[in-house]
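A.B. asks: Got a structure for you, questions after.
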Amino acid sequence: MFKVIALNINYVAFDDILILGVIPGFEDAGWPERWKRLTELFPEHRLVFSRSIILLLQSTFGTINMIWPMIVANICWAGCALVFYRAFRRLHLSIWYFVPVMWLWFNIQSFENIFWGVSSLCNFGVLLFVLSSLYFAAYRPKQYYLALLFAVIATFTYGNGLMVFPVIGLIAWLMGRKKDFVITVLVTAVIAVIYFIDFTPITQNLDFSNPKQVKEGFLGYFGFIGSIATISAYDGMHGVLMSAVVTGFIFVAGLLYIFRRQLLPLWNAAWGRKAYTHPGSLFAIGIAAFVAITTLAIVYKRIPTDTFEGMFKGRYRMYSVLWCIAMYFGLLSLTSRALLRFSVVAIVPFSIFLNLIILHSNFALAVNNRRSAIVQEFNARYNADWLGVKMFSMDQAHFEKIRAYYKSDDPLAEGWNPRSKTDSIACAKLYEPDTVKKDGSYIVVNFEQDFFKTEKDYSDGAYVILKSADHTYASAQTQYPVPVRTTLRRLMYFNKGAYVNFHAATVEPGLYRVYLLVRKNGQNTIYCTSKTWKED
């Protein structure tokens with residue numbers, strides 16, 4: 001899957017371009033300036049880990065391939081599973097009880113993290129370092145300094161990494177390690193001072209005087225925790241999102257039920273009466289506490305700008321999975337062997353079924369997302385005034401300067417010249433679309449009667465080109481999965497047809513010829529459509 005989707009291309013929204021901006025002039029800068037550039041806010045995170053990996057790759061190979069940071073990030077993802085396994089081994093259970101953890105963890109619902117390039121380092125990197133910190137705090141108290149070290153690294157990987165400090169401090173307190181708790185408080189204070197120097201928030205915070213925001217924040221909190229229930233990472237239907245809210249309530253209640261007999265011992269430990277020394281339970285509690293605090297922070301920062309629907313982005317889905325794993329570790333740690341054997345008979349097939357259903361619903365989204373990145377970079381390269389570049393206060397000269405570091409794939413430009421000052425492109429033959437129309441804010445061009453099969457990788461597919469003498473725009477087909485029943489019966493996945501649209505705001509006024517570019521087995525074929533489009 002990774003091989004056929006991952007491409008050396010800038011991700012949607014230009015995050016990769018912005019972070020690669022650390023490279024120019026870094027070697028010639030002094031150490032204070034280097035630290036300043038490594039810790040520059042993005043937008044309110046200190047991305048030292050991501051920028052360090054980029055600089056390491058650049059200094060080692062003299063260039064960047066955006067697939068390389070993806071690989072590093074996915075290694076971090078796999079590293080999280082290793083941490084889970086090390087914690088699982090302490091439970092002295094058969095390896096079969098670990099099977100659900102793997103099926104839960106390695107799902108494609110957070111496909112943005114898998115194929116994001118630079119920013120995937122933030123999302124998977126922070127989880128690896130947080131889980132490592134929790135592991136050493138709960139299972140290796142004699143090496144507590146490693147828990148603090150990983151907490152520091154997590155903090156400078158992504159902003160919510162700072163949230164692990166109160167969690168490992170809580171673990172130390174519950175275990176009766178007062179010295180470690182005091183050290184944690186002191187280290188947290190020092191790191192917080194460093195982190196918040198020159199800290200200028202650029203987003204609004206939740207307004208508690210606004211009833212609408214408070215309501216959305218409350219529902220968004222539980223929806224975020226239960227977001228795995230939506231199955232599709234970007235199903236915005238209100239009913240589906242509310243099912244995640246209900247699932248979030250169930251998840252919180254489920255965790256409390258699993259730990260119901262531990263509440264009194266935990267209460268006594270919290271008041272310093274008797275230390276709580278059950279590492280498996282503390283590891284599970286630590287994971288859940290980190291997710292709970294992270295969710296609170298995201299709701300507080302994101303509700304005003306992203307609203308309730310913004311809590312369900314694909315890159316956030318790992319936190320819902322983490323909550324599931326926290327519940328499962330609690331179950332493994334606290335349930336009798338007889339009941340556990342009975343429970344796992346249902347949990348194993350359910351985790352497999354859930355993974356495969358998520359795969360069926362999200363693979364097409366991952367493909368569409370990658371093709372969107374291809375056309376975004378194409379449009380940014382061949383249209384100096386393209387809205388997408390201007391949105392990020394970036395001119396094309398800077399875009400090309402940064403692009404020179406990673407020399408991205410430009411698959412749609414192969415075999416012809418998108419910069420030609422004419423509206424005419426050499427065509428193989430005529431291929432007329434079924435639909436050319438304006439639908440709201442979108443220019444829609446659909447080819448509904450054919451399959452556009454992928455042979456090499458998912459740069460293959462159908463693309464529509466709008467060509468005038470001054471501009472050349474591209475947009476990729478959107479593909480949808482057929483129903484599961486059809487997949488099982490006919491062994492097919494994608495539906496028939498290519499559904500293409502351009503947001504009118506990104507197309508400059510003018511008269512355009514409409515072309516169809518079909519990329520098959522890594523080769524481009526351009527077809528005339530006999531259609532034109534006038535954008536006013």
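The values are calculated or read from the model by the stated rules, or taken from the named source; none is laboratory data. On a predicted model such as this, the values are computed, not experimentally measured, just so you know. Don't worry about glycine lacking a Cβ; one is built from the backbone with ideal geometry, like all the others, and counts go over all protein chains shown. The area values use the complete protein model at the heavy-atom level, side chains included, leaving out ligands, DNA and RNA. Shrake-Rupley method; radii C 1.70, N 1.55, O 1.52, S 1.80 Å.
A.B. asks: Using DSSP, restrict attention to beta bridges with both residues in the chain and report what percent are antiparallel, rounded to the nearest 5. Intermediate values should be presented prior to the final figure.
C.D. replies: Details: 37 of 38 bridges.
Antiparallel: roughly 95 percent of the beta bridges in the chain.
A.B. asks: Using 0.36 nm per residue, how much length does the chain from Ala13 to Leu82 gain when fully extended, once their Cα-Cα distance is taken away? Walk me through the intermediate numbers first.
C.D. replies: Working: separation 69, 0.36 × 69 = 24.84 nm, distance 3.18 nm.
Net length gain for the segment: 21.7 nm.
A.B. asks: Per Stokes-Einstein, at 4 °C and 1.567 mPa s, what whole-number D in µm² s⁻¹ belongs to region 283-425, with the Kirkwood radius over Cα pairs as the hydrodynamic radius?
C.D. replies: Details: Rh = 20.0 Å.
So the translational diffusion coefficient is about 65 µm²/s.
A.B. asks: With every protein chain left in place, what is the accessible area per residue of region 170-273 in square angstrom, probe 1.4 Å?
C.D. replies: Details: 6040 Å² over 104 residues.
The answer is 58 Å² per residue.
A.B. asks: I'd like the trypsin sites (Lys or Arg not before Pro) in region 435-536 restricted to DSSP loop residues with at most 16 other Cβ atoms within 10 Å, sorted by number. Let's see the in-between values first.
C.D. replies: Numbers: sites: Lys437, Lys438, Lys453, Lys456, Lys467, Arg485, Arg489, Arg490, Lys496, Arg513, Arg519, Lys520, Lys531, Lys534; in loops: Lys453, Lys456, Lys496.
When the trypsin sites (Lys or Arg not before Pro) of region 435-536 are filtered for loop state and at most 16 Cβ neighbours within 10 Å, Lys453, Lys456, Lys496 remain.
A.B. asks: Another question, if that's okay. Quick one: Cα centre-to-centre distance for region 121-200 and region 401-428, in angstrom?
C.D. replies: 47
A.B. asks: Something else about it: Would you please name the trypsin sites (Lys or Arg not before Pro) within region 9-109 that are DSSP coil residues with at most 16 other C-beta atoms within 10 Å of their C-beta? It would help to have the intermediate numbers written out before the result.
C.D. replies: On the way: sites: Arg34, Lys36, Arg37, Arg46, Arg51, Arg86, Arg89, Arg90; in loops: Arg90.
Those that pass, being in a loop and sparsely packed, are Arg90.
A.B. asks: Taking the highest mean first, how do the peptides 403-409, 310-316, 342-348 order by number of other beta carbon atoms within 10 angstrom per residue?
C.D. replies: On the way: 403-409: 18.7, 310-316: 21.0, 342-348: 14.3.
So the peptides 403-409, 310-316, 342-348, ranked by packing, come out 310-316, 403-409, 342-348.
A.B. asks: List, in the order given, every pair from Lys429/Lys520; Lys390/Lys437; Lys453/Lys496 whose Cα-Cα distance in the structure shown is over 21 Å. Write down the numbers at each step before the final one.
C.D. replies: Numbers: Lys429/Lys520 16 Å; Lys390/Lys437 27 Å; Lys453/Lys496 9 Å.
In this structure, Lys390/Lys437 lie more than 21 Å apart at Cα.
A.B. asks: Give me the number: length gained by fully extending Lys179 to Tyr234, i.e. 0.36 nm times residue separation minus the C-alpha to C-alpha distance, one decimal in nm.
C.D. replies: 15.2 nm
A.B. asks: Rank by packing, highest mean first: peptides 359-367, 440-448, 59-67, with packing defined as the count of other Cβ atoms within 10 Å averaged across residues. It would help to have the intermediate numbers written out before the result.
C.D. replies: Details: 359-367: 20.6, 440-448: 17.0, 59-67: 15.2.
Per-residue Cβ counts within 10 Å, averaged per peptide and sorted highest first, yield 359-367, 440-448, 59-67.
A.B. asks: Next up: Return one whole number: the accessible area per residue of region 1-49 in Å², for a 1.4 Å probe. Please report the intermediate quantities before stating the final value.
C.D. replies: Values: 2240 Å² over 49 residues.
Per residue, region 1-49 has 46 Å² of solvent-accessible surface.
A.B. asks: Relative contact order (percent) for the chain, with alpha-carbon contacts under 8 angstrom and 6 or more residues of separation?
C.D. replies: Numbers: 896 pairs, mean separation 82.6, N = 536.
It rounds to 15 percent for the chain.
A.B. asks: Quick one: go through region 153-174 and flag any residue whose amide nitrogen is under 19 Å from the point 7 Å out along the Cα-to-Cβ line of Asn205.
C.D. replies: Hits in region 153-174 for Asn205 at 19 Å: 159-164, 166.
A.B. asks: Separate question: Which Cys in the chain stand alone, with every other cysteine's Cβ at 4.7 Å or more from theirs?
C.D. replies: Flagged as lacking a Cys partner: Cys76, Cys80, Cys122, Cys324.
A.B. asks: Continuing with this model, one more query. Rounding to the nearest 20 debye, state how big the charge dipole of the chain is about its Cα centre with +1 on each Lys and Arg Cβ and -1 on each Asp and Glu Cβ. Each step should come with its number before you reach the end.
C.D. replies: On the way: 51 positive and 35 negative charges, 450 e Å.
Roughly 2160 debye, rounded to the nearest 20.
A.B. asks: Only loop residues by DSSP count here, and only those with at most 14 other Cβ atoms within 10 Å; note down the GluC sites (Glu not before Pro) in region 1-71 that meet that.
C.D. replies: Details: sites: Glu27, Glu33, Glu40, Glu44; in loops: Glu27, Glu40, Glu44.
Sparse-neighbourhood loop GluC sites (Glu not before Pro): Glu27, Glu44.
A.B. asks: Compare the Cα positions of Ile298, Asn379, Leu55 along the charge dipole of the chain (+1 at Cβ of Lys, Arg; -1 at Cβ of Asp, Glu; about the Cα centre) and return the one farthest towards the positive end.
C.D. replies: Of Ile298, Asn379, Leu55, it is Ile298.
A.B. asks: Let a ≥ b ≥ c be the square roots of the eigenvalues of the Cα gyration tensor of region 276-352; is it rounded (a/c under 1.5), or, if not, prolate (a/b larger than b/c) or oblate? Each step should come with its number before you reach the end.
C.D. replies: Values: a/c = 4.49, a/b = 1.81, b/c = 2.48.
Oblate, because a/c is 1.5 or more while a/b does not exceed b/c.
A.B. asks: Output needed for region 205-285: three equivalent-ellipsoid semi-axes, defined as square roots of 5 times the C-alpha gyration tensor eigenvalues, in descending order, whole Å.
C.D. replies: Whole-Å semi-axes of the equivalent ellipsoid: 32, 18, 10.
A.B. asks: If I model a spin label as a point 7 Å beyond the Cα along the Cα-Cβ vector, how far apart are those points for Val190 and Thr60 in nm?
C.D. replies: Simple spin-label model gives 3.0 nm for this pair.
A.B. asks: Please give the calculated 222 nm ellipticity per residue for the chain, where each DSSP H segment of at least 4 residues contributes -39500 (n - 2.57) and the sum is spread over every residue; nearest 500 deg cm²/dmol?
C.D. replies: Numbers: 20 runs with 287 residues, N = 536.
Calculated from helices alone, the mean residue ellipticity at 222 nm is -17500 deg cm²/dmol.
A.B. asks: So what J values fall out for region 470-486 if you push phi through Karplus, 6.51 cos²θ - 1.76 cosθ + 1.60 with θ = phi - 60°, rounded to Hz, Gly and Pro as x?
C.D. replies: 10, 9, 9, 10, 10, 9, 9, 5, 9, 10, 10, x, 6, x, 4, 4, 5
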